[in-house]
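Notes for the one structure printed next.
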Amino acid sequence: MSEFDYVIVGGGVAGCVVANRLTEDPNVRVAMLEFGTSGNHKRQIVRMPLGMVSFMMPNLAFLGGTRMMYLYEAEPSRGLGNMKMVLPRGKALGGSSMVNGMIYIRGQKEDYDSWRDMGNPGWGYDDLLPYFRKSENFVLATTPQATRNFTLGGRPVRDQIDMAYHGIGGPVSVSPPRSPNHMCQTYFDACVEAGYPINADFNGNQQEGIGYHWLTQKGGERWGAESSYANPAKSRPNLAIFTEARALQILMDGKRAVGVSYERGGEVHQIRAAREVVLATGAFISPQLLMLSGIGRPEELKRHGIAVRHALPGVGSNLQDHIDTWLKQRSTTNHTYGISWGTMHSNAMHVLKWFSARRGMFTSNTGEAGGFVRSGLDTDRPDLQLFFCTTMASAQAADSFWGHGWAMHACLLRPKSIGHIGLKSADPHEAPLIAPNFFDDPYDMEVLVRGVHIMRKITDQPAFDRHRGEEVAPGRAIQTDEDIAAYIRRNCMTMYHPTSTCKMGNDPMAVVSPSSLLVHGLENLAVVDASVMPSVISGNTFAPTVAVAEKAADLIKTRAHMRSAGAA
């Protein structure tokens, strides 16, 4: 049996951040368990940003992207007509940052201030901004000459950025699109014609507006948590990373976490933690592991024959995720990405651009442009995130690349529908029960229907006149709100941002303490991942998860120093 100071369960985004920061102290011994494999950052399908579109396409499974993904199946949602939905998550060192769309969004200031106001002092926007800056290497600041021709609204983007919101020298490379498609400018023109402002920096003073997405890329390649946090720490002798290791249970001595039972190579092992066990397996698996270890709702545990070690009713509750729908528009020109006889030569040139200079189409995540808008006059801040995809195929609506066109997406930012995580059985090899309850609250559908009207409004602007062909989906025959809602129920997907199932707080349903991220009522057991967020933020969740983990690492270090001082 091995013993370390800290055992981190989960080598996803949060786990990689914590492992890196804790092992900065050479006297601290850290082990990290991850069920997926490592070294995926070296694979072309991962390094190449456009490769992410293939991860959800069954006919491209031979490229290997699906081997890096869990494809969980949700319970039927009444709001979807009892349809089940596939919920992908990353299965690799680096977690979902190895398969995501690389979009770097922090969310709105109000998101974090609401966390603070819900009883979580120290988690407001001003508290987290230093961690966003600490983790970031903002390419526009570090290599301004490389982006001198990168413009928005006729002005260089770098001249529109307030650097007070950005960091230099952090592990996460945050870059502008390397070779944005020319149709992005058409989209921006159409949005201005439709009355929406241009915004050069969604992570600056305000989020509202339309512009380019910042991407977690470096030199035109994906730059996930394996590259940014795990790799720099791998050579440290005080870090041991165990991949292809499935965590089975948290080992407890009374109310104290002392280690982890895990399976690797067909054998069951135990690993001891002298200081803390840090659970970082995400919003689906962290509550499952707690429940499998006898920590959670007593009725849920007893139903599966699990002895109740610690009653904590909030474990698995409060599941939140973003729901998204789309329009697909055929183009009369071939400026968007796609396969056609007329573009065979240019597509071949894009291959050469990728291999020779890491530029061109293969550096694209296909969603380089988008923005944040209010769905109506009755909302005081953006409640919809828009995406403009320069191909009709996308991760949410994956199908053929044949032909030319674009897809627009609208994502609900702050859903009122709340789900939960439970157990299907006491077998750790079985996936958890995931019940998102999408559209359980009618408000969510109302906002997305408004989103479809907004996307059509943008599409119908003069800027798109020379490109606009047939609306493939939903089709212009679908006009009434009722018909649009029916379309959305058949054509929607999660944005892969599950959060809040082990939320921080001090109310009866809180799971971890905001001052420590330790599980309420237990010793030496912390949860550090998106599950501790009290509510989902208004945007993509990679950047917030990094900030949470950076702050958590500081909390863990502070506890260690206090213990040492007390012992002295």
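The values are calculated or read from the model by the stated rules, or taken from the named source; none is laboratory data. Model, not experiment: these values are computed from the prediction. Cβ placement follows ideal geometry from the backbone for every residue including glycine, while neighbour counts extend to all protein chains displayed.
General observations
- Screening T332, T336 for residues that are at pLDDT below 95, over 26 Å from M69 (Cα atoms), among the hydroxyl-bearing types (S, T, Y) and surrounded by 17 or more Cβ atoms within 10 Å (Cβ to Cβ) leaves exactly one candidate, T336.
- Of the residues in segment 220-237, at least one is on the phi > 0 side of the Ramachandran plot and either crowded, with 20+ Cβ neighbours inside 10 Å or within 23 Å of the chain's Cα centre (by Cα) (or both).
- In segment 462-477, the residues that are surrounded by 18 or more Cβ atoms within 10 Å (Cβ to Cβ), farther than 24 Å from M493 by Cβ and not charged (D, E, K, R): A463, F464, H467
- Some residue of segment 191-200 being in a helix (DSSP H, G or I), among the β-branched types (V, I, T) and modelled with pLDDT of 95 or more: yes
- Against the conditions (1) within 30 Å of R414 (Cα to Cα); (2) crowded, with 22+ Cβ neighbours inside 10 Å; (3) under 21 Å from the mean Cα position of the chain (by Cα); (4) touching a residue at least 60 places away in the same chain (Cβ under 8 Å), M68 satisfies every one except (4).
- Selected residue (only one of T459, T494, T499, T480 is surrounded by fewer than 18 Cβ atoms within 10 Å (Cβ to Cβ) and among the β-branched types (V, I, T)): T480
- Top-ranked residue of segment 106-137 - restricted to ones that are closer than 26 Å to S175 by Cα and of a type in the set (S, T, Y), ranked as surrounded by the fewest Cβ atoms within 10 Å (Cβ to Cβ): Y125
- The listed residues are M85, M48, and the only one of them that is more than 26 Å from F242 (Cβ to Cβ), modelled with pLDDT under 95, touching a Pro at 6+ places or on another chain (Cβ under 9 Å) and not charged (D, E, K, R) turns out to be M85.
- Candidates in segment 117-144 are the residues that are touching a helix residue (DSSP H, G or I) at 6+ places or on another chain (Cβ under 9 Å) and modelled with pLDDT under 95; of these, the one that is farthest from I537 (Cα to Cα) is P144.
- Restricting attention to segment 511-523, the residues being crowded, with 24+ Cβ neighbours inside 10 Å and in contact (Cβ under 8 Å) with a residue 60 or more places away in the chain number 2.
- Scoring A92 on the criteria (1) in contact with a strand residue (DSSP E or B) (Cβ under 7 Å, 6 or more places away or on another chain); (2) in contact (Cβ under 8 Å) with a residue 60 or more places away in the chain; (3) surrounded by fewer than 19 Cβ atoms within 10 Å (Cβ to Cβ) leaves a single failure, condition (3).
- Of the helices (runs of 4 or more DSSP H) contained entirely in segment 94-185, those carrying at least 1 residues that are of a type in the set (A, V, I, L, M, F, W, C) and under 17 Å from the mean Cα position of the chain (by Cα) fall at 125-135.
- Set side by side, the residues A283, A257 differ, and just one is closer than 15 Å to G10 by Cβ, out of contact with any Pro (no Cβ under 8 Å at 6 or more places or on another chain) and of a type in the set (A, V, I, L, M), which is A257.
- Checked against (1) closer than 27 Å to H269 by Cβ; (2) of a type outside the set (A, V, I, L, M, F, W, C); (3) assigned to a helix (DSSP H, G or I), P26 passes all but a single condition, namely (3).
- Any hit, segment 464-474, residues being within 28 Å of the chain's Cα centre (by Cα), part of a loop (DSSP other than H, G, I, E, B) and at pLDDT 95 or above: yes
- Segment 370-384, residues that are in contact with a strand residue (DSSP E or B) (Cβ under 8 Å, 6 or more places away or on another chain) and either charged (D, E, K, R) or closer than 14 Å to Q207 by Cα (or both): G370, G371, F372, V373, R374, P382, D383, L384
- Odd one out for V139, checked against (1) β-branched (V, I, T); (2) within 28 Å of S54 (Cα to Cα); (3) out of contact with any strand residue (DSSP E or B) (no Cβ under 7 Å at 6 or more places or on another chain): (3)
- Within the set S317, S286, the sole residue that is of a type outside the set (K, R), more than 30 Å from G370 (Cα to Cα) and part of a loop (DSSP other than H, G, I, E, B) turns out to be S317.
- Near pairs, Cβ below 9 angstrom, 6+ apart or cross-chain, from segment 456-480 (in contact (Cβ under 8 Å) with a residue 60 or more places away in the chain) to any residue that is among the acidic types (D, E) and in a strand (DSSP E or B): R456/E471; T459/E471
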